[in-house]
């Protein structure tokens, strides 16, 4: 039997206890990283991307816009700005967000870094929607 660890995903709006899982993959600001039971204590900055959660044969995918992973012997807490399970993503809303962000990026008076961030987050949500 595979070793497990506790996972919580915490956003400003909610805290979700996903229970005992066998594997977690998340996007750091430097690239993807994976966690198995017994991982060293760490605090890792998260970027925009896909969170993959495995528990045996069950796999779920989540879209995140960044935050931190607090890894402890008893489990992992993902402290993130946003986390949406792939099955909960509203496709129409994500497409509208992408179009709005792309329109803003074409306006030279808008903050271009903010527009690029909005585009990345919207594209991420659309990519994960299809998982």
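The values are calculated or read from the model by the stated rules, or taken from the named source; none is laboratory data. Because the structure is a prediction, the values reported are computed rather than measured. Glycine gets a Cβ as well: all are built from the backbone with ideal geometry, and neighbour counts include every protein chain shown.
Structure above, values below:
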| read-out | value |
| --- | --- |
| Selection within region 38-63 - modelled with pLDDT under 95 and within 18 Å of residue 17 (Cβ to Cβ) | 55, 56, 58 |
| Tally, over region 105-121, of residues that are assigned to a helix (DSSP H, G or I) and farther than 19 Å from residue 60 by Cα | 10 |
| Enumeration of residues in region 87-97 that are crowded, with 17+ Cβ neighbours inside 10 Å and part of a helix (DSSP H, G or I) | 94, 97 |
| Any hit, region 43-51, residues being in contact with a helix residue (DSSP H, G or I) (Cβ under 8 Å, 6 or more places away or on another chain), assigned to a loop (DSSP other than H, G, I, E, B) and within 21 Å of residue 123 (Cα to Cα) | yes |
| Of all residues making up region 35-77, the number that are in contact (Cβ under 8 Å) with a residue 60 or more places away in the chain and more than 18 Å from residue 129 (Cβ to Cβ) | 4 |
| Evaluation of residue 124 against (1) assigned to a strand (DSSP E or B); (2) outside the structural domain of residue 12 (by TED's automatic domain parsing) (one fails), failing number | (1) |
| Odd one out for residue 101 among (1) crowded, with 20+ Cβ neighbours inside 10 Å; (2) at pLDDT 95 or above | (2) |
| Condition broken by residue 24, with the remaining ones in (1) free of Cβ contacts under 8 Å to residues at least 12 places away in the same chain; (2) within 15 Å of the chain's Cα centre (by Cα) satisfied | (1) |
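Residues checked against (1) on the phi < 0 side of the Ramachandran plot; (2) exposed (fewer than 15 other Cβ atoms within 10 Å of the Cβ); (3) part of a helix (DSSP H, G or I):
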{"site": "3", "(1), (2), (3)": "yes, yes, no"}
{"site": "16", "(1), (2), (3)": "yes, yes, no"}
{"site": "19", "(1), (2), (3)": "no, yes, no"}
{"site": "25", "(1), (2), (3)": "yes, no, no"}
{"site": "71", "(1), (2), (3)": "yes, no, no"}
{"site": "78", "(1), (2), (3)": "yes, no, no"}
